[in-house]
1. Among residues other than ARG281 whose Cβ falls under 13 Å from its Cβ, what is the net charge (Lys/Arg +1, Asp/Glu -1)?
2. So if each residue of separation counts as 0.36 nm, and I subtract the Cα-Cα distance between ALA80 and THR185, what length gain in nm does that give?
3. May I ask you to list the residues of the stretch 74-108 whose amide nitrogen lies under 11 Å from a point 7 Å from Cα along the Cα→beta-carbon direction of TRP136?
4. With a 10 Å radius around each residue's Cβ, average the other Cβ atoms per peptide and rank 268-278, 128-138, highest first.
5. Express the Stokes-Einstein translational diffusion coefficient of the stretch 248-342 in µm² s⁻¹, to the nearest whole number, given a Kirkwood radius over alpha-carbon pairs, 4 °C and a viscosity of 1.567 mPa s.
6. Taking a threshold of 19 Å on the Cα-Cα distance, which of the pairs LYS113/LYS148; LYS98/LYS138; LYS113/LYS358; LYS85/LYS358; LYS85/LYS149; LYS125/LYS167 fall above it?
7. With a point put 7 Å past each Cα toward its Cβ, work out how far GLU70 is from THR214 in nm, to one decimal.
8. Taking 7 Å along the Cα-to-C-beta vector as the label spot, tell me the THR206-TYR349 distance in nanometres, rounded to one decimal.
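What follows is calculated from the coordinates using simple rules that are stated; it is not laboratory data. Only a predicted model underlies this, so the values are computations on that prediction, with no experimental measurement involved. Glycine gets a Cβ as well: all are built from the backbone with ideal geometry, and neighbour counts include every protein chain shown.
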Amino acid sequence: MPGKKKSRPVLSGLVVLGLVATSGYLTLELRKQEERGATEVRNVGVLDGTGGKSTGATTITTAERWTRLENPARSVLRGADGRVKAVLTDGARTATLKGPARTFAEPAATASKVSTTDWVRLMPKPWTKDAQNARWFKDWYAENATSKKDDVFAVAFQYIAGAPQRKDAQGLVIAGDAQFGPLNTSGTRNGDLRLEQSDFYDFLGTPYPFRDGTVGAPETMRARSLDCSGYIRMVWGYRARYPLMSSDTAGDGLPRTANGMARSGEGADILPLTGITAGDRPTTIDQLQPGDLVFFKLDTRTGNRLDHVGMVLGHDTEGHLIFISSREEVNGPTIGDIGGVSRLDGNGYYAKTLRSAKRL
């Protein structure tokens with residue numbers, strides 16, 4: 001079920017995305033950011049329990065080597081200088097690669113800026129131990145290791161306020177400033193300002209045939225709208241091509257709602273769901289890395305269901321772990337502070353309501 005909670009004033013004004021690419025590190029702060037970046041996870045351990053030293057290293061060239069780490073089980077590719085080049089997690093198709101630095105910002109909504117060298121892409125198959133030797137991965141990595149084509153972060157920011165429209169080869173508008181949903185005029189939803197249930201095909205305004213034979217039919221009033229789970233399905237599903245379910249129960253792939261996604265068997269559970277109460281808040285978030293889906297319990301009206309989902313972006317320049325999601329309060333995708341600061345650390349609104357995380 002998409003996220004919902006008591007309404008707050010809607011943010012207005014132009015939101016700007018700064019996207020900067022460079023081949024080197026321009027400041028000492030950015031170097032520190034890369035060294036502590038979320039792909040360089042701190043709770044590493046080892047698979048064989050030898051106590052703090054990585055094992056199972058496989059030299060593939062004179063300049064690169066693979067190591068195996070745990071919690072979660074994953075393979076890490078490092079260059080000759082020891083820097084991380086790729087992180088690939090068992091059971092997940094998400095690949096976090098290192099590339100030119102970029103800065104993501106939303107100055108109309110927050111002072112937070114995320115400067116990162118992480119590029120998050122979707123592999124054609126889930127990762128398994130020693131998959132670096134498989135032909136499918138060698139071909140995929142050769143194509144994507146240094147690619148500058150849009151990754152999921154670049155795509156995600158194509159829907160924030162003020163983002164220009166983008167069209168595909170057939171002229172269909174596939175990106176641009178997205179709303180959360182249409183205004184609630186019925187007065188029957190306990191004062192919610194905007195209606196939920198706007199999926200990716202509502203934004204597109206065109207029917208979408210799912211693999212189970214169901215056809216998603218867009219509603220005119222939901223045009224250019226994406227609720228929280230619809231936004232994730234747009235970025236990861238329609239744009240990155242992760243398989244999509246037509247609902248929480250029909251088909252295979254990424255379910256329709258935040259609750260369905262969190263409880264599905266898709267990907268790897270990074271912060272396993274133990275419950276929905278305040279006492280079930282994860283005790284640590286060290287395992288999180290860019291691209292992870294994070295799930296929240298915001299509203300008592302949704303019973304035992306998780307009701308909001310976002311995506312980890314990375315650490316901001318003050319060291320806080322930031323996520324992006326589509327929210328009613330700002331009427332669309334944001335990393336802003338309206339309705340709660342977009343931090344996963346500390347004791348802010350979203351940090352306290354975080355319940356689980358998944359790596360697709």
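1. Summing Lys/Arg as +1 and Asp/Glu as -1 gives +1.
2. Answer, rounded to one decimal: 31.8 nm.
3. Counting only backbone N, you get 93.
4. Highest mean packing first, the order is 268-278, 128-138.
5. Rounded, D is 90 µm²/s.
6. Cα-Cα > 19 Å for LYS113/LYS148; LYS113/LYS358; LYS85/LYS358; LYS125/LYS167; rest within.
7. With each label placed 7 Å out from Cα toward Cβ, I get 3.9 nm.
8. Calculated label separation equals 3.6 nm.
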